[in-house]
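**Student:** The structure is given below, and queries will be raised subsequently.
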Amino acid sequence: MDFFDLLFGGGEAIQSIFQLGFIPKEEDFREFSSVEYQQFNEKECDICGKMYTFNSDFPVSGNDIYAFSEKEKEFMLKGAEIIDNLCEKKTFISDDVKLRYVATLLPGVFSEGTKYACNEE
């Protein structure tokens with residue numbers, strides 16, 4: 001996998017995963033409730049298709065609310081798959097440790113502005 005594959009084939013999702021600080025899996029997402037659909041529609045715009053958020057027991061910051069379309073959810077899962085492929089045959093005790101390792105493999109643009117950014121001096 002080269003830099004351009006990452007940049008155009010999931011690079012944005014990888015950046016989002018570094019910002020979140022954990023690697024989402026399918027079971028970490030849930031579809032909006034009917035109340036959430038209504039609230040989102042009132043605040044944002046018309047909804048085209050299913051919308052997802054993280055399960056309530058997920059490690060997101062305080063009052064942060066995450067909303068994903070079906071396509072964005074699949075995009076995040078593709079980013080997680082790329083990270084897993086980069087870590088093939090390695091075992092990590094946590095997502096945090098795994099992301100720290102992956103940050104050393106990728107160009108700095110992917111982890112820039114996150115706690116995983118590699119300081120190059």
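The values are calculated or read from the model by the stated rules, or taken from the named source; none is laboratory data. Here the structure is a predicted model, which means the values were calculated and not measured. Methodologically, a virtual Cβ is constructed for each residue, glycine included, from the backbone with ideal geometry; neighbour enumeration extends over all protein chains shown.
**Student:** In region 31-48, which residue that is at pLDDT 80 or above and part of a loop (DSSP other than H, G, I, E, B) is nearest to Glu74 (Cα to Cα)?
**Tutor:** Among those residues, the one meeting the criterion is Phe32.
**Student:** Within region 14-29, identify whether any single residue is over 14 Å from the mean Cα position of the chain (by Cα) and either modelled with pLDDT of 90 or more or surrounded by 13 or more Cβ atoms within 10 Å (Cβ to Cβ) (or both), and answer yes or no.
**Tutor:** No, that holds for no residue.
**Student:** Are any residues in region 8-30 of a type in the set (Gly, Ala, Ser), over 21 Å from Val97 (Cβ atoms) and part of a helix (DSSP H, G or I), and if so, which ones?
**Tutor:** Matches in region 8-30: Gly11 only.
**Student:** Moving to a separate point now. Which one of Lys89, Lys73, Lys98 is free of Cβ contacts under 8 Å to residues at least 60 places away in the same chain and assigned to a helix (DSSP H, G or I)?
**Tutor:** Unique residue meeting the criteria: Lys73.
**Student:** Going through region 40-49 one residue at a time, which ones are at negative phi and surrounded by fewer than 13 Cβ atoms within 10 Å (Cβ to Cβ)?
**Tutor:** Within region 40-49, Glu42, Lys43, Glu44, Cys45, Asp46, Cys48 qualify.
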